[in-house]
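The values are calculated or read from the model by the stated rules, or taken from the named source; none is laboratory data. Worth saying up front: this structure is predicted, and the values here are computed from it rather than measured. Ideal geometry is used to build each Cβ from the backbone, glycine not excepted, and the neighbour counts take in all protein chains shown. Side chains included, ligands, DNA and RNA excluded: accessible areas come from the protein's heavy atoms. Shrake-Rupley method; radii C 1.70, N 1.55, O 1.52, S 1.80 Å.
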Amino acid sequence: NLRTADIVKSLRAIFKDSRNVNEMVDLRISIDGAVKIVQHECRLKGIVLETNIQGDLTGKCNPIEIQQVLLNLINNAIQSLIGSGVAHPKITISAMREGDWIHCAVIDNGPGVSEEFVPKLFQLLVSNRDSGMGLGLWLSKYIVEQYGGQISYEGAPGLGANFKISLPVEPSHHKIPN
């Protein structure tokens, strides 16, 4: 109940532009929180969930918002892997700091996204799943961009999906690194 209240409060704040980003926090909090939430489901579904965290991940952000982004990406990976026929389904969450940027990735070895759908991935109310609402990736992009960051997709059909997030350590009008 407390987690749900924090999420609702955080989502309301996103759209009111009154987000609390005055404190430096370790993004491991967001990653660890997301992993704890999904690890039971992954175990039940036979999906290996790994993390590869390197270096200092301290930055100015609301850890609940970043956790929501990660949860959306992980849940999408889980849904992609379920029934995909992949022999050893696996999701890897990686994070590292590079200069003034923190980079996170959620990578799966599922079927990936069809080439036709890739340009529509982050559009509002567009989904490639029957049960999808088309809000998750759009909201994830919105949150990341509010920090001056970027979210992108890499992958090829049949070779898995790789969603990458780049966040500045100090939110401002940074240029996204290449």
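Laid out as a table, the results:
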{"quantity": "Peptides 63-69, 53-59, 74-80 ordered by average Cβ neighbours within 10 Å, highest first", "calculated": "63-69, 74-80, 53-59"}
{"quantity": "The stretch 36-76 - accessible surface per residue (Å², probe 1.4 Å)", "calculated": "48"}
{"quantity": "Positive-end residue of Leu70, Gly59, Ile82, charge dipole of the stretch 36-83 with Cβ unit charges", "calculated": "Ile82"}
{"quantity": "For q = 0.10, 0.25, 0.26 Å⁻¹, Debye-computed log10 I/I(0) when each Cα of the stretch 18-110 counts as one equal scatterer", "calculated": "-0.27, -1.25, -1.33"}
{"quantity": "For Thr51, residues with placed amide H under 5 Å, excluding near neighbours", "calculated": "Ile93"}
